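See below for the structure under consideration.
The values are calculated or read from the model by the stated rules, or taken from the named source; none is laboratory data. If you're wondering where the values come from, they're calculated on a predicted model, not measured in any experiment. All Cβ positions, glycine included, derive from the backbone under ideal geometry; neighbour counts span all protein chains shown. Surface areas here come from the heavy atoms of the whole protein model, side chains and all, with no ligands, DNA or RNA. Shrake-Rupley method; radii C 1.70, N 1.55, O 1.52, S 1.80 Å.
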There are 2 protein chains.
Amino acid sequence: MPVIKINELPLIKGADNIGYPAPHAKGCDLYEAASLGEAAGLTQFGVSIEKLLPGGMSSQRHWHENEDEFLYMLTGEVVLVEDDGEHTLTEGMAAGWKANQPNGHHLINRSDQPAFYLIIGTRAENDTCHYPDIDLHYSRKNGERQFTHKDGTPYEEEQNQ
Amino acid sequence: MPVIKINELPLIKGADNIGYPAPHAKGCDLYEAASLGEAAGLTQFGVSIEKLLPGGMSSQRHWHENEDEFLYMLTGEVVLVEDDGEHTLTEGMAAGWKANQPNGHHLINRSDQPAFYLIIGTRAENDTCHYPDIDLHYSRKNGERQFTHKDGTPYEEEQNQ
């Protein structure tokens with residue numbers, strides 16, 4: 001089993017990693033991610049290390065129907081935004097979101113330094129993701145990922161450019 | 001969602017956490033663990049932070065039939081022992097074990113400082129665990145955990161004292 005060294009993994013730009021249709025990727029271009037779980041060949045859950053730059057956000061505020069999710073802060077400081085407000089997270093702090101709990105969450109870096117954290121999430125076969133703040137809906141069914149408007153209509157191709 | 005602060009969680013002694021029948025818990029009394037995943041109410045995977053003291057080992061060398069497992073090193077140094085030999089792990093290094101890959105693994109602390117790491121593992125409904133070095137077999141079926149000898153005979157009650 002090869003040992004994984006995080007500084008040797010390729011980093012994926014946040015906006016590419018998330019795949020939101022425009023204009024929702026805006027703000028997610030200030031983070032990078034590397035998949036440790038895939039590097040280890042795992043399939044039941046994902047483990048990523050993410051580097052969130054000052055002014056960036058980790059994702060749009062969201063919650064999953066079928067997947068538990070967990071965050072562990074490595075270095076730096078982020079603000080976790082949830083339904084009940086904001087929480088500042090620093091090294092050695094953690095938070096988790098049980099599947100199907102409708103509590104939209106994301107991270108913002110309001111500091112002047114990069115923040116590093118681990119994100120762990122189940123890899124469910126099928127999932128639906130809700131975004132309470134924006135007109136976006138996500139589903140993954142039999143491996144097929146789809147972002148649509150909340151009413152189910154697709155995003156126009158040109159918006160992805 | 002309450003934020004979890006790792007230094008506020010109760011630590012469980014390693015030997016109690018693992019639950020091996022005697023004499024196999026020997027050497028596992030030099031680590032402590034706290035379950036971050038349970039503190040967050042998660043059920044699909046477990047996330048624990050473990051503190052391994054000098055001279056201690058994290059578990060007996062083992063592999064799971066049904067559960068992916070992942071390790072992320074936070075601070076300190078451990079030796080990962082696998083079928084192919086030994087690997088030294090320090091901060092920012094990681095390793096993972098896909099379910100049903102027969103590669104027994106555990107960690108030993110041969111340094112003179114405590115080592116801290118995160119362990120993540122799927123919580124499968126049923127699982128079987130293999131221990132290549134010792135006469136031990138583990139199964140969990142419909143929530144019932146059982147350690148036996150490799151031939152299926154139970155460990156004597158008095159050996160648990």
- Note on the structure: Interface call, region A:1-42: threshold 20 Å², probe 1.4 Å, accessible heavy-atom surface of protein chains, chain by itself vs complex, result A:MET1, A:VAL3, A:ILE4, A:LYS5, A:ILE6, A:LEU36, A:ALA40, A:GLY41, A:LEU42
- Task: For chain B, with a Gaussian network of springs between Cα atoms less than 10 Å apart, report the residue from B:GLU32, B:GLU125, B:GLU50 with the top mean-square fluctuation.
- Result: B:GLU125
- CD proxy, 222 nm, chain B: helix-only mean residue ellipticity via -39,500 (n - 2.57) per DSSP H run with n ≥ 4, per residue, nearest 500, stands at -1000 deg cm²/dmol
- Message: Could you tell me the relative contact order of region B:6-125? Use alpha-carbon pairs under 8 Å, at least six residues apart, and round to a whole percent.
- Response: 29
- Task: Please check which bits of region A:1-39 a label hung off B:ASP84 would reach, taking the label as a point 7 Å along Cα-to-C-beta and the cut-off as backbone N under 19 Å.
- Result: A:1-10, A:36-39
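Tell me the total accessible area that B and A bury against each other, 1.4 angstrom probe, in square angstrom rounded to 100. Numbers along the way, then the final one.
Numbers: alone 9190 and 9190 Å², together 15320 Å².
About 3100 Å² of accessible surface is lost on pairing.
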- Message: As an exercise, use a Förster radius of 22 Å and the Cβ-Cβ distance of B:ASN66 and B:ILE134 to find the FRET efficiency, rounded to the nearest 0.05.
- Response: 0.60
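Return one quarter of the surface area of the convex hull spanned by the alpha-carbon atoms of the protein assembly as shown, equal to its mean projected area, in nm².
On the way: hull surface 70.0 nm².
Projected area, direction-averaged: 17.5 nm².
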- Message: If you roll a 1.4 angstrom probe over the protein chains with everything in place, what fraction of the accessible area of region B:6-125 belongs to carbon and sulfur, to the nearest %?
- Response: 49
- Query: Under 17 Å from the Cα of A:LYS13, which aspartates and glutamates turn up, not counting those fewer than eight places away in the same chain?
  - Reply: A:ASP29, A:GLU32, A:GLU38, A:GLU50
- Message: How many angstrom lie between the Cα centre of region A:98-145 and the Cα centre of region B:1-50?
- Response: 26
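Just the accessible area per residue of chain A, please: how many Å² with a 1.4 Å probe? Can you show the working numbers first?
Working: 7660 Å² over 161 residues.
Per residue, chain A has 48 Å² of solvent-accessible surface.
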- Query: Applying the Karplus parametrisation 6.51 cos²θ - 1.76 cosθ + 1.60 with θ = phi - 60° to the phi angles of region A:51-64, what ³J(HN,Hα) value in whole Hz is obtained for each residue in order, glycine and proline being reported as x?
  - Reply: 10, 9, 7, x, x, x, 10, 6, 4, 6, 5, 7, 8, 9
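When Cβ neighbours within 10 Å are restricted to other protein chains, what is their mean count per residue of peptide A:72-79? Before the final figure, lay out the partial values.
Values: counts 9, 3, 5, 0, 0, 0, 0, 0.
Rounded to a whole number, the mean comes out at 2.
Note down the magnitude of the dipole of region B:6-125 about its Cα centre, charges +1 on Lys and Arg C-beta and -1 on Asp and Glu C-beta and zero elsewhere, to the nearest 20 debye. Please list the in-between numbers first.
Working: 7 positive and 18 negative charges, 38 e Å.
Around 180 debye, computed over region B:6-125.
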